[in-house]
1. What FRET efficiency do you get for LYS488 and THR340 if R0 is 41 Å and r is their Cβ-Cβ distance, rounded to the nearest 0.05?
2. What full-extension length gain, to one decimal in nm, is calculated for GLU260 and LYS403 as 0.36 nm per residue of separation minus the Cα-Cα distance?
3. Can you pull out the GluC sites (Glu not before Pro) in region 281-311 that DSSP calls coil and that have at most 11 other Cβ atoms within 10 Å?
4. Stretched out fully, how many nm does the piece from PHE131 to VAL40 gain, at 0.36 nm a residue minus the Cα gap?
5. When ranked by the protection proxy of mean other Cβ atoms within 10 Å per residue, highest first, what sequence do the peptides 478-485, 234-241 form?
6. Given a Förster distance of 41 angstrom, what is the FRET efficiency for LYS201 paired with ASN424, based on the Cβ-Cβ distance and rounded to 0.05?
7. GLU569: accessible area at probe 1.4 Å, nearest 10 Å²?
8. Please report the spacing between the Cα centers of region 428-445 and region 322-370 in Å, no decimals.
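The values are calculated or read from the model by the stated rules, or taken from the named source; none is laboratory data. This one's a predicted model, so the numbers in the text were calculated from it and none came from an experiment. Cβ placement follows ideal geometry from the backbone for every residue including glycine, while neighbour counts extend to all protein chains displayed. For the accessible areas, the whole protein counts, side chains as well, though only heavy atoms, and no ligand, DNA or RNA atoms are used. Shrake-Rupley method; radii C 1.70, N 1.55, O 1.52, S 1.80 Å.
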Amino acid sequence: MNLTTQQFPFIFLNHGEINLEYVNKNTECYIWFGREVTAVERKLIVETCPPPLSGLFVWGECFAYFGSGGDTYDFDIVETYAGKKICEKLNKIMMAEEFDEDEENDYEPYMEDRSGSFPEIKMKSIDFSDFDNAFSDLLSVCVPRMSSDMDNWAKQINQVIPVEFIKGPHGVEDEDDWNTWSFQQLDMALNTIIGYIEKRKNDFSNVQQKNIPSESNEPSNSYKLELLPYSERIRYFGYIFNDIISKYSSQTEDKKISAEEREKRLKLADLIYNLDEITDSFDRLSIEEHNIQHNSHIIVSALHGLSPQERISEIEKLHSYTQLAYYASYDALKANDLLTYSNPKKILENLIEKIPVHRQKSVTSILSMIAHNLIHVTPAYKIPDKKYSKEASEIFTLICNRKDATEKDFITGTVCCEWANNPNQGTIIAEIGLRIYTKSKQLIHNSISVYNLCNNHKRANELLAIYESILDKPDENFILNKSFNLIKTNEHKEAKEILEKYLEQGGEKTPNILVNLIYVWRNQIPDKSVLDKYLVEITELIKGNSSYQADNLLENFLGLTSSQGYNKETIELGDYLFEKNGNIPPNCWVNYTYAAFFMEEYHQKVVTKMDSLLPELENHLGKNPMSFANLACIYVKLKNKDRAINYLKLCKKHKHPAFSTFITDEDFKPLWKDAEFLKLFN
């Protein structure tokens, strides 16, 4: 069906029948006019708006942002179109209160809608025995009346002052011709908004650079008829602009667009980032972070289908602040845009130098978002990822040299340097942070770790003493650091005593505590009864813990069980590795295959599973090729010479440190005279 401009008087987004599932506690709408609105016209518009949508009304020169007041949108609809007595009855039902006889049949008829197209419905047709059913029944007949009123109101207002576009309540069904046509006209709505920005560019810029605070978090009722101050006007204008851009870009989200359209969208990106009001530091899950994440969508739509280098070329056309804020988004992280550069830190430094003065206070928070995103230490991810810890640690160096770096920045920065195997840089970050956050337990704990990695045990012990002085009683981090320091100086007996005492006194059996305990057990072998006691408990902890610490625990525990003859238990726990698709440390596979070597009944099962992983994980397993040697030995026992030779070739390829001794190794005696076997050593 061809829809034409002649059919519809103005753009009406969200026009149509409202799905009751989307009618909840609030809704927000907006309307844009063809000229500035007078005070008299503003009064008329507010007073004639359907009551459920006029609880909030704020004004710019030629636009209004309006909607439900507070969180009673659904109740407001029922009260408007079914009457107050019905709402009182619903409240009684909700509070499980008894009705008296007079109230049982006391009701008001539905208010007549302005169109006159809906008949009056008697309250006796509503089943009030159940609140949810009664409320749903009432909404089903009240919501269409409100939609009709909204329609009529918008058309009547258009007769008084020309309407350019309007967005109605959310939750409309898609099959509506006016709504469909309106979405096709979003380009016109955008041009209207861009013209508004260009005309008032200096006013907007002055408000931002002076950093005038908002007069209140929410406008007061007096704003219903008055123009908002500019500091508030920018915010509500930004909501409208952002919503239009989001709808506009979503239409071609997965399509490659023309160069002309790409240029237009990148200009829009600069405009919308310029209006985001982020001029100070902020936290994760704040409105500022939401703006950064949401605003990135227009850039994503502009760059779709481009190669990494083409993407970078287009991104570099954006303003410096737009680039920096975009790199802080999850969209940029998924596309690896920043990591296309060989030196991301240098790129960020260059951008920071060009960012306007009034934006500089927000830079540290944005950099922190970028660094935390790279290692997945964010609300969006459950498990950290060390893959880009080197790049992230360099960005943390930038952050921690800024005066408004937070305690969390120093805490994550030190551990990130540890992951990146750059403990020296970690000690620099640690010392800067410790001068500011002198009693931060987590920062002291992380600082001890990086100093130990640098073999500066003297400084580590100094910090451990400071840590102990601010504790009421030893906590997990203190026990971890104390036992680790003893392990480093080969005082395994003392470390074992500290860890076992901590657990006996009710300390939590966390993966990190148990890693240290298992490590000292491998040097101070406990009684079999002790191992038996912990065997099931540690196995369950490993299987029930998705954190990266559980992999470290798994690696050490398999090393202990396999070395102490718990071969069946090692194999059964090793089967859990396959549930993780092999994504665990290579040493785990070494211990798993070593235990299998001694358990003849598991030989075929283990080699079959390992063969299935080989195509995908050869390089990962090759980081410790001893698992290849163990599998070769098992295949010798199974009298499968070809597979044994194949795994020996992998030992050679991945430089097994003892490969040259295999030619006389008793485990390979059946192959000693085999030509293909001997050829491996020529």
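1. Numbers: r = 40 Å, r/R0 = 0.98.
Efficiency computed from Cβ-Cβ geometry: 0.55.
2. Gain on extension, GLU260 to LYS403, equals 47.3 nm.
3. When the GluC sites (Glu not before Pro) of region 281-311 are filtered for loop state and at most 11 Cβ neighbours within 10 Å, nothing remains.
4. 28.5 nm
5. Numbers: 478-485: 21.6, 234-241: 20.1.
Descending packing order for the listed peptides: 478-485, 234-241.
6. Computed FRET efficiency for LYS201 and ASN424: 0.30.
7. Solvent-accessible area, nearest 10 Å²: 70 Å².
8. Cα centroid to Cα centroid, the span is 25 Å.
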